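The values are calculated or read from the model by the stated rules, or taken from the named source; none is laboratory data. Just so we're clear, the structure is a prediction, and the values are computed from it rather than from any experiment. Here the Cβ positions follow ideal geometry from the backbone for every residue, glycine too, while neighbour counts run over all protein chains shown.
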Amino acid sequence: ECVVNRIAAGEVIQRPVSAVKELIENSLDADSTSISVVVKDGGLKLIQVSDDGHGICYEDLPILCERHTTSKLSKFEDLQSIRSMGFRGEALASMTYVGHVTVTTITMGQLHGYRATYRDGLMVDEPKACAAVKGTQIMIENLFYNMAARRKTLHNSADDYPKIVDLISRFAIHHTHVSFSCRKHGAGRADVHTIATSSRLDAIRSVYGVSVARNLMNIEVSDTGPLNSVFKMDGFISNSNYIAKKITMVLFINDRLVDCGALKRAIEIVYTATLPKASKPFIYMSIILPPEHVDVNIHPTKREVSLLNQEFVIEKIQSVVGSKLRSSNE
Ligand code: ADP
Ligand code: MG
């Protein structure tokens, strides 16, 4: 059974960066206002995510890493959102089949926290009382220690650290009420560092740099699509002075970090048509749609989504981007 679970877990957690994404989403779900990530050896030796969220109560620790244990599905209607949020209660469990997991946590009003370790879906020993300030720290050590082939492939390719920095950069410019940091283990300097309560543009400036931020324009759409579905978009797009060799598209739909290839291509087309001499664009967009209009791909690690009224949404965005680019270029 364990081997089967390990293979399944290896599908959910394909690389160190997939583990980091799951851990950050858990921290965000716990209403954290500060999330810091430490990574060693591209995440293979250590991934540590610390937050100041609501913590995990003592009673939940023994079952925390059993598959399908989740505190986030209480009502039957919530089943509707299972597909969009994906894999309820599987992330943490999966990590225990492919790495060594240690959870340190404290809930509001407690005098001390608890530390528990997990292997193969089970808690090892009783949780130990320990000092803790606020929130939860999850440590994944020796990821894929029991998957020799995976470890070897990952070791031979460039390590995941740049991917992790990229991921956290994206979260940081969207969740501006949360401060994020990301550093290599032992490094004095953080590679991503944002301060909560900064404006979106300030966050983009601190993550992507001044030369990006000063060439951005704000765009907004609010409209009612087919079937009375309200659709909102708020974002920043680069102008003709922005210089880059490749496109950066940071897309959140209903506050979830996703990819939408069709939308990305559609926007690139508008850029080429409107500003033929401009470089590849930088685009940040936050889209709000009725949740039942967002279709998440079945595969656990894919961020790719398709939308129910995709043509409507894409045409709207194309027209707003197009007119913004034209007016800025006059
Ligand atoms: P899911 O997020 O789909 O519920 P996970 O396997 O990612 O499943 O996490 C299992 C459960 O562990 C969550 O439902 C939540 O109750 C708890 N949990 C995990 N990480 C944190 C955290 N950082 N802060 C508070 N609770 C957490
Ligand atoms: Mg989760």
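Would you mention how many residues in the range 150-207 are of a type in the set (A, V, I, L, M) and assigned to a strand (DSSP E or B)?
Looking only at that region, the number is 1.
Based on this model, can you work out whether residue 218 counts as farther than 21 Å from residue 316 by Cα and surrounded by fewer than 20 Cβ atoms within 10 Å (Cβ to Cβ)?
When the stated conditions are applied, residue 218 does not pass them.
Give 87, 144 a once-over and let me know the one that is aromatic (Phe, Trp, Tyr), within 16 Å of ligand 2 (Cβ to nearest atom) and either part of a loop (DSSP other than H, G, I, E, B) or modelled with pLDDT under 95 (or both).
On inspection, the qualifying residue turns out to be 87.
Given (1) within 16 Å of ligand 2 (Cβ to nearest atom); (2) touching a Gly at 6+ places or on another chain (Cβ under 7 Å); (3) not in a helix (DSSP H, G or I), where does residue 93 come up short, assuming only one miss?
Failed condition: (3).
Here is a list: 209, 186. Which entry is under 15 Å from residue 238 (Cα atoms) and out of contact with any Cys (no Cβ under 7 Å at 6 or more places or on another chain)?
None of the other options fit; the residue is 209.
Within the group 238, 286, 306, which residue is among the polar types (S, T, N, Q), surrounded by fewer than 16 Cβ atoms within 10 Å (Cβ to Cβ) and touching a helix residue (DSSP H, G or I) at 6+ places or on another chain (Cβ under 8 Å)?
Checking each option against the conditions leaves just 306.
Would the range 258-275 turn up any residue that is in contact (Cβ under 8 Å) with a residue 12 or more places away in the chain and assigned to a strand (DSSP E or B)?
Within the range 258-275, one or more residues are in contact (Cβ under 8 Å) with a residue 12 or more places away in the chain and assigned to a strand (DSSP E or B).
Residues being touching a residue at least 40 places away in the same chain (Cβ under 8 Å) and over 28 Å from residue 46 (Cβ atoms): count how many of those fall in the range 177-214.
So the count comes out to 3.
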